[in-house]
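Since the structure comes first, as structure tokens, the remarks are kept for the end.
The values are calculated or read from the model by the stated rules, or taken from the named source; none is laboratory data. For clarity, every value in this text was computed on a predicted model and none was experimentally measured. Using ideal geometry, Cβ is built from the backbone for each residue, glycine included, and neighbour counts are taken over all protein chains shown.
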Amino acid sequence: MKKILTLCLLLALPLLGMAQRPTLDREQLLKDVEVLSADAMQGRQSGSEGSKKAQAYLLKRFRQVGLKPFGESYKQHFRIESKRLTVEQATNLVGYIPGSSEKAIVVTAHYDHVGQRDGQIYNGADDNASGVSALLAAAAYFAQHKPTHTLIFAALDGEELGLQGAKAFLENPPVPLQHILLNVNMDMLSINDKGELYASGAHHNPQLKPYLGQVKPLPHAKLVLGHDLPEQGHDDWTAQSDHYPFHRRGIPYIYFGVEDHPHYHQPTDDYAQVNKTFYPDAAALVLDFIQRMDANAAVLEMKE
Ligand SMILES: [Zn+2]
């Protein structure tokens, strides 16, 4: 009997130690990337048939993971007029997990990509099926572990045409802008040889640095801070994805992404290239950070 008790205790100890660290369904995460970056989605260009297929899949997943719509639909329609393309009906997909506070953290990832060129499909597995799938995994986690803040999950359209989905979201936000305490943006999480996931934006939001520092490395991925200094030129990522319109409005943000790689905006950015050990760990690091920020309301309420 004593032996059994000791054994139980020994088995329980590592579990107790891990209880603080949120976990995600790695198999489902990879499956979502595989589906979203399949040829059937035709590169998910805004306004295309492929985009509609991606939306249908994402809507199904939004319902499955337990996201609630604001009003009757998850869809937020808007118009895009860019140099490259006019899209009469672009579509953000927005859902939320209610918290005990009406103050909100907005998690974003764009699901659009660049479509097809010269008969080749640009599948955009890393850019950004990887970010949207991580968003779904985080939503699934918080549906089961009630957050303190209202957590809004927005799969954005039109990023590749000039951060259009993020701009439309902020022009027509589902909650008052003053309630939005933080934006966590994910764009390209799945390909990096060095096991490095960058967290960019702490330079502009130094109050968030301690919480990034608390996110402990996993076996295949660790956080590195940077790519947010104006003197870095093109290596300053401040204006390079959907977090930028949030930053412009004075909303604190952290952007998670990997450094450029040879598959970036190439037809070779497909599921085969996704690093199947790095990526789930990278997604788990972001989830860890969201949970920490949700638990630390005080620092988010602090406005300069
Ligand atoms: Zn992208």
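Quick notes on this one:
- Any hit, region 137-145, residues being buried (at least 17 other Cβ atoms within 10 Å of the Cβ), within 16 Å of the ligand (Cβ to nearest atom) and within 15 Å of the chain's Cα centre (by Cα): no
- Total residues in region 220-234, condition within 16 Å of the ligand (Cβ to nearest atom) and without any contact (Cβ under 8 Å) to a residue 24 or more places away in the chain: 1
- Here region 91-130 is the region considered, the condition is being in contact with a helix residue (DSSP H, G or I) (Cβ under 8 Å, 6 or more places away or on another chain) and part of a helix (DSSP H, G or I), and the residue that is surrounded by the fewest Cβ atoms within 10 Å (Cβ to Cβ) is Ala125.
- Among the residues listed as Ser241, Ser200, the single one being small (Gly, Ala, Ser), in contact with a His (Cβ under 6 Å, 6 or more places away or on another chain) and under 30 Å from Ser37 (Cα atoms): Ser200
- If only residues of region 98-134 that are under 27 Å from Phe278 (Cα atoms) and away from the ligand (no atom under 16 Å from the Cβ) are counted, the one that is farthest from the chain's Cα centre (by Cα) is Ile121.
- Residue within region 239-248 that is away from the ligand (no atom under 16 Å from the Cβ) and closer than 19 Å to Val106 by Cβ present: yes
- Of the residues making up region 271-304, those that are of a type in the set (D, E, K, R) and part of a helix (DSSP H, G or I) are Asp281, Asp288, Arg292, Asp294, Glu301.
- For Ser82, the conditions (1) modelled with pLDDT under 95; (2) within 13 Å of Ser48 (Cα to Cα) all hold with the exception of (2).
- For region 70-89, filtering for residues that are in contact (Cβ under 8 Å) with a residue 12 or more places away in the chain and among the polar types (S, T, N, Q) leaves 3.
- Residues being closer than 17 Å to Pro245 by Cα and over 23 Å from the mean Cα position of the chain (by Cα) - total across region 82-97: 1
- Filtering region 141-159 to residues that are of a type in the set (Phe, Trp, Tyr) and part of a strand (DSSP E or B) leaves only Phe153.
- Filtered residues of region 249-265 (kept if closer than 24 Å to Asp281 by Cβ and either part of a loop (DSSP other than H, G, I, E, B) or more than 14 Å from the ligand (Cβ to nearest atom) (or both)): Tyr253, Ile254, Val258, Glu259, Asp260, His261, Pro262, His263, Tyr264
- Lys167 being touching a strand residue (DSSP E or B) at 6+ places or on another chain (Cβ under 9 Å), among the basic types (Lys, Arg) and assigned to a loop (DSSP other than H, G, I, E, B): no
- Residue match in region 248-264 (condition: hydrophobic (A, V, I, L, M, F, W, C), in contact with a helix residue (DSSP H, G or I) (Cβ under 8 Å, 6 or more places away or on another chain) and within 27 Å of Gly115 (Cβ to Cβ)): yes
- Of all residues in region 155-185, those being touching a His at 6+ places or on another chain (Cβ under 9 Å) and either within 16 Å of the ligand (Cβ to nearest atom) or of a type outside the set (A, V, I, L, M) (or both) number 13.
- All of Asn192, Asn185 fail the test of being of a type outside the set (A, V, I, L, M, F, W, C), part of a loop (DSSP other than H, G, I, E, B) and under 18 Å from the mean Cα position of the chain (by Cα), apart from Asn192.
- Qualifying residue in region 235-246 (condition: part of a helix (DSSP H, G or I), at pLDDT 95 or above, over 18 Å from the mean Cα position of the chain (by Cα) and surrounded by fewer than 20 Cβ atoms within 10 Å (Cβ to Cβ)): yes
- Looking only at region 290-304, and only at residues there that are closer than 13 Å to Val106 by Cα and at pLDDT 80 or above, the one that is nearest to the chain's Cα centre (by Cα): Ile290
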